[in-house]
């Protein structure tokens, strides 16, 4: 057992857990979050993507010791003041998904992309999302939704 | 216990009762479908389930339009065994047809009953009552009331009578128009608990099952498969172990302990394995030589033997492919000693319940099933199996809910696969370049081993128990239900002599079942590739060559539409770029689809454009149809270019995404979807028409670019190089 202090969605939390516990396991089990999803446990599909200090990282294979004292953002923490993030709004408006299981991770990576490149090209969007698997084939409308959000003013 | 009768693939409408629309025939009462007991809200029940295809949204549109209500006044309630209709499976792209039609007619009837009541209460004619936004008004525009007032005195515990026809298409406001927001997506985009994986019951235990490493693996030590030392260690950790034959499961109070226990089991349990799988590199030989039984989907005119009179003969091969859901199979169950409750993302809670009764020796009444959304499944994956796993473990822990989740490796190697499929085609051309004889012969396993259809359960865990019976051979739906391996084995062309022969394997070394489009994917790939080859052989344009053999106006129209609306099809091709086309009418009775592909080809294939036209009859949810078609096209492209499950002679070796690449964002082509709305024609399912045409259009475009024909899927670098090196 080890004590961890981590900032999750702007709130500091303290937990005592085995050192090798995966971040995703803590987020879903101890914190009861539903945003980040388990898809493979091997960091290969992107369903569990979260931001660590603003950078997208898969959380299913990320041990807690690696995020000690760091800032973690999940899908739940993307919006501000109770309002959804511009990306979430755009994904709803575009019906950008089919089953939706991959969307949490994709939204996370897209948010990091828009922070870095406010008006990305299609190629840049595809590159940023290339580690994410979507089995339903919703790629085209996901790209469209990211483009739509990029054009929205007042992006947090 | 009463014996559960196996369910058929189709509803028998010749059962002596008056034939009612859609699934009203089997769920005849209005209260099966509609409930107005809550204020300002109509609850609409369906036995169909959300798989990511947007069916809940489409069915809500049907109800809202027919009742003249806003979508916000409609709450669609999905399948459970507690209330609502029994509609069997959500499969085969028939939900809008069967459930939609029932809801449409039930709503029309209730609307009429409410109008009738309003007219009587206000002493006016039924023709003078108008409804808008759920508000009833009289001839002078006077507001009379609403559904909830007028239906108070109407008992919906009555059979549908057909008192009033549904509205004509011209009066439907939401159908086929613009973009309706999907009901389920906001929760998923905002991170609300909506998936079965997010369902957490109080006191829930976490279950895991150690799967056999290969299908025929036996425990080396069947007497005590789990060492006593391990069991002793677990007793201190609240980990409990359930062993029943080759079924070894554990539960733990927390998920990490369950995962750790499973990892330990994997190390400690020893298996004895024998090679029982076919040679992955000799699939065509395996399929052709395996024992099989045969049926003949069409025998029109003269047959065409091998050899003399054959202008061209070609074989096409599809490997085993995986459903490869992004989510992991998951289920929850709770047993109180008398009643088993199951939460599942199965495509057929009723079928699953039937198999659970057989496997667990319970009555139907003792099992309550609820559907909870999972990730997209695209057919019969492990969703049913994991529900059995959860049920069996829950019955070992009375009172405590148990949640079981599979691993990625189990997902890819333990769930049923889409069958390998060999098609051998031959044809005779006349001197003037027309096809006079066509012969289609195919070999594949059956495309369904879904629960509920056999005397024996088809659940993986049930087959592995001490008293378990082997999973029955996969079967095929009858042609009346669209067929299975022979789905679309009958070409959509009017050849004078047409024969199709379907050999269903009677051995099943690799477990197969329903995967999206069933046999249509391989058959359409073969037929439409072969049409291209015949056009090339006879020096004809592939489009005109097809049109020459087509008579059905909607088939011609969908092909015309995709060609005429394409911005690139008529342009000069650049070096290394190829164009290909293909089309089919799904199941020969459902949606029409035509596809154009533009590819850049060297030893690898890059897809630049996919243009698709579909005719699904009357469109209910326009964006839903486009979404399904886009998704089907991209998934079909993924199968075509990349996918094949790998195995050695003992085990399925596809265990992770690294072993099973699927389409990525950087590979997505420009997509154009054209929906041909036919408001006065019956609605047809939109989920499965495009995969076969996409495969063939890609193969044809590859040929057009490189001059080589790849007849073995996937159209991978290996297969392209192999074809390039073959003598012409």
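Nothing in this text is a laboratory measurement; each read-out follows from the coordinates by a stated rule. Source: prediction; values computed, not measured. Quick reminder, even Gly has a Cβ in these numbers, built from the backbone with ideal geometry, and neighbours come from all protein chains shown.
Compared with the dominant principal axis of the Cα atoms in chain A, helix A:139-151 is inclined by about 90°. The calculated 222 nm mean residue ellipticity attributable to helices in chain B amounts to -8000 deg cm²/dmol, summing -39500 (n - 2.57) over DSSP H runs of n ≥ 4 and dividing by all residues. Neighbouring Cβ atoms from other chains, within 10 Å of the Cβ of residues in B:49-57, number 2 on average.
If R0 is 35 Å, the Cβ-Cβ spacing of residue A:80 and residue A:124 corresponds to a FRET efficiency of close to 0.90.
Within the range B:141-213, the proportion of Cα pairs with more than 19 Å between them is 74 percent. For residue B:659 and residue B:575, the difference between the fully extended length at 0.36 nm per residue and the C-alpha to C-alpha distance is 26.9 nm. The tail of the calculated P(r) for the range B:274-325, taken as Cα-Cα distances beyond 12 Å, holds 80 percent of the pairs. Using equal-weight Cα scatterers in the Debye expression, the normalised intensity of the range B:607-650 in log10 at q = 0.26, 0.27, 0.28, 0.33 Å⁻¹ is -0.98, -1.02, -1.05, -1.20. Helix A:103-116 sits at what angle to the longest principal axis of chain A, using alpha carbons and giving 0 to 90 degrees rounded to 10? Tilt of helix A:103-116: around 80 degrees. One Cα centroid belongs to the range B:208-249, the other to the range B:629-668; the line between them spans 32 Å. Radius of gyration (Cα atoms) of chain A, expressed as a multiple of 2.2 N^0.38 Å: 1.01. Using a simple spin-label model with pseudo-atoms 7 Å out from Cα toward Cβ, residue A:7 and residue B:666 lie 3.3 nm apart.
Put in line by how crowded their Cβ is, counting other Cβ atoms within 10 Å and starting with the fewest, B:406, A:65 read A:65, B:406. With r as the distance between the Cβ atoms of residue B:112 and residue B:4 and R0 = 56 Å, compute the FRET efficiency 1/(1 + (r/R0)^6) and round to 0.05. Efficiency, from the Cβ-Cβ distance: 0.90. What FRET efficiency would be calculated for the residue pair residue B:130, residue B:244, taking the C-beta separation as r and a Förster radius of 60 Å, to the nearest 0.05? Once the sixth-power term is evaluated, E becomes 0.40.
The alpha-carbon atoms of chain B, seen along their principal axes, cover 81, 78, 49 angstrom, with the largest extent given first. Whole-percent P(r), the range B:666-728, all Cα pairs, 10 Å bins from 0: 16, 38, 24, 15, 6, 0. Among B:592, B:657, a tally of other beta-carbon atoms within 10 Å of each Cβ gives an order, fewest to most, of B:657, B:592. What percentage of all Cα-Cα pairs in the range A:86-151 are separated by more than 13 Å? Roughly 55 percent, rounded to a whole number.
Rounded to whole Å, give me the distance from the Cα center of the range B:453-529 to that of the range B:536-573. Result: 31 Å between the Cα centres. Note on the range B:22-175: Cα convex hull, mean projected area over all directions, 8.8 nm².
Dividing the Cα radius of gyration of the range B:537-657 by its Kirkwood radius returns 1.04 for Rg/Rh. Rounded to the nearest angstrom and listed largest first, the equivalent-ellipsoid semi-axes of the protein assembly as shown from its Cα gyration tensor are 39, 37, 30.
Per-residue extension of 0.36 nm, minus the Cα-Cα distance of residue B:82 and residue B:567, leaves a gain of 169.4 nm for this segment.
Translational diffusion of the range B:45-114 was estimated from the Stokes-Einstein equation, with Rh taken as the Kirkwood radius over Cα pairs; at 37 °C and 0.692 mPa s the coefficient is 268 µm²/s.
Here the average projected area of the convex hull drawn through the C-alpha atoms of the range A:2-76 stands at 4.1 nm².
Under the simplified labelling scheme, the residue B:554-residue A:15 pair shows an inter-label distance of 5.4 nm, with each label point 7 Å from Cα along Cα→Cβ.
Relative to its residue count, the range B:419-500 spans a Cα convex hull of 94 Å³ per residue. Cα centroids of the range B:26-105 and the range B:323-344: 23 Å apart. By the compact-protein rule of thumb, 2.2 N^0.38 Å, the alpha-carbon radius of gyration of the range B:290-392 corresponds to a ratio of 1.70. Taking label points 7 Å from Cα along the Cα-to-Cβ direction, residue B:285 and residue B:263 give a separation of 4.3 nm. Extension gain, residue B:221-residue B:270: 0.36 nm per intervening residue step, less the Cα-Cα distance, totals 16.9 nm.
Rg and Dmax of the range B:577-712, both derived from C-alpha coordinates alone, stand at 16.2, 54 Å.
Treating only the Cα positions of the range B:248-339 as identical point scatterers, give the base-10 log of I(q)/I(0) from the Debye formula at each q in 0.13 Å⁻¹. Debye output, listed in q order: -0.88. Sorting B:551, A:21, B:458 from the fewest to the most surrounding beta carbons within 10 angstrom yields B:551, A:21, B:458. Expressed in units of 2.2 N^0.38 Å, where N is the residue count, the Cα radius of gyration of the range B:335-398 is 1.05.
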